[in-house]
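Trainee: Once you've had a glance at the structure underneath, I'll fire off some questions.
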Amino acid sequence: MASKGSGRGRVLRDQDGERRPGKSQASSRPEPKAPQTVEGLAKYLKSLASGDNLKNYGGVFADMFWEFSSNEERFTEAVALIIDTTVADRDYVHLGVLVCQLILEKKQGPKFRMALMKWFENQFRSKADIRAVSIEKWLSVFAFMCEIHSCVLLSGQPISVLGAAIFTSIEFLLKQPDREDDEVDCICSSLKLCGKTLEVTNQDKMDALMDTLRGIVISKQSSCRVRCLVLEILELRAMGWSDSSQKTLEKFYVDGLMDAVAQDEIASGPQP
């Protein structure tokens, strides 16, 4: 599998500190009309994935899904298209979650949420097969689940079924004999987003996960990069997953991670 590199830098931040999936450019273009066909939606989503500012498209999804929801086949196609676009690349996941949030806030939100949860259920059941074909594809699905869990509530609480699936998926990834460093990187990056909501879902599971991560730190098989990533998560959890703690830790560990990667490269080089 081609490496996607460290999770750091995969999400940029605006000057106000808000997370962004890439560079956001101001746009004076008029707000477009809602797509009336699945083909039009495909073209529209492609333009978003290319970096257009989502804020300019606030009302589009409400109009589009209201139109599509009257036809079950078109609605199913539209949902599948949004999800497929979101997980096509991990760089698109955050943008896809913003799109999903817009839809979930509208009248057709409950119907969309049911379709989304059904899709997650099917992906979760097929996780071993998906990973066998493409580790990167599974990591995109996993990152998507985690971002949705971090921001979508049901009756004011995190979605417990989704949280249970995330815990099981983490256990599944960490137990793989051919586990790659990028998989641990993705887990740690995702825990920064959804660690707090996962803790609410099941604190005992979180305790057990932290024990597993401690074992990775002391394992002789773990690379310097993995140890650095995991230590940051252990400290973040000890500090209550607070945003201020995360910023402090990131400032400390960003240099440490660079040094760790350099040490790994030296260690993997030709032996004299």
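Trainee: What is the set of long-range amide H partners of residue 154 at a cut-off below 5 Å, with H atoms built 1.01 Å from backbone N?
Mentor: HN-HN under 5 Å from residue 154: 159.
Trainee: What ranking do 234, 98 get, fewest neighbouring Cβ atoms within 10 angstrom at the top?
Mentor: In increasing order of surrounding Cβ atoms, one gets 234, 98.
Trainee: Looking at the stretch 148-212, which trypsin sites (Lys or Arg not before Pro) are DSSP coil and have at most 13 other C-beta atoms within 10 Å of their C-beta?
Mentor: Numbers: sites: 175, 179, 192, 196, 205; in loops: 175, 179.
When the trypsin sites (Lys or Arg not before Pro) of the stretch 148-212 are filtered for loop state and at most 13 Cβ neighbours within 10 Å, 175 remain.
Trainee: Residue by residue through the stretch 168-178, which ³J(HN,Hα) values in whole Hz follow from phi under the Karplus form 6.51 cos²θ - 1.76 cosθ + 1.60 (θ = phi - 60°), with glycine and proline marked x?
Mentor: For the stretch 168-178, the Karplus curve yields 5, 5, 5, 4, 4, 5, 5, 8, 5, x, 9 Hz.
Trainee: Next question, about the same structure. Rounded to the nearest 0.05, what FRET efficiency do residue 221 and residue 153 have when you use their Cβ-Cβ distance and R0 = 41 Å?
Mentor: Details: r = 39 Å, r/R0 = 0.94.
Rounded to the nearest 0.05, the efficiency is 0.60.
Trainee: Would you order 106, 247 from fewest to most other beta-carbon atoms within 10 Å of each residue's own beta-carbon?
Mentor: Values: 106 17, 247 11.
The fewest-first ordering by Cβ neighbours comes to 247, 106.
Trainee: So which of 220/247; 175/205; 127/175; 175/247 end up more than 19 Å apart, counting from Cα to Cα? Before the final figure, lay out each step's value.
Mentor: On the way: 220/247 29 Å; 175/205 16 Å; 127/175 13 Å; 175/247 30 Å.
Checking Cα-Cα distances, 220/247; 175/247 exceed 19 Å.
Trainee: With 10 angstrom as the radius, rank 228, 186 by how many other C-beta atoms surround their C-beta, starting from the fewest. Please list the in-between numbers first.
Mentor: On the way: 228 22, 186 26.
Going from least to most buried by this count: 228, 186.
Here, each number is a calculation from the coordinates, and none is a lab measurement. Small disclaimer: the values here were computed from a predicted structure and weren't measured. Note that each Cβ is placed from the backbone with ideal geometry, even for glycine, and that neighbours are counted across all protein chains shown.
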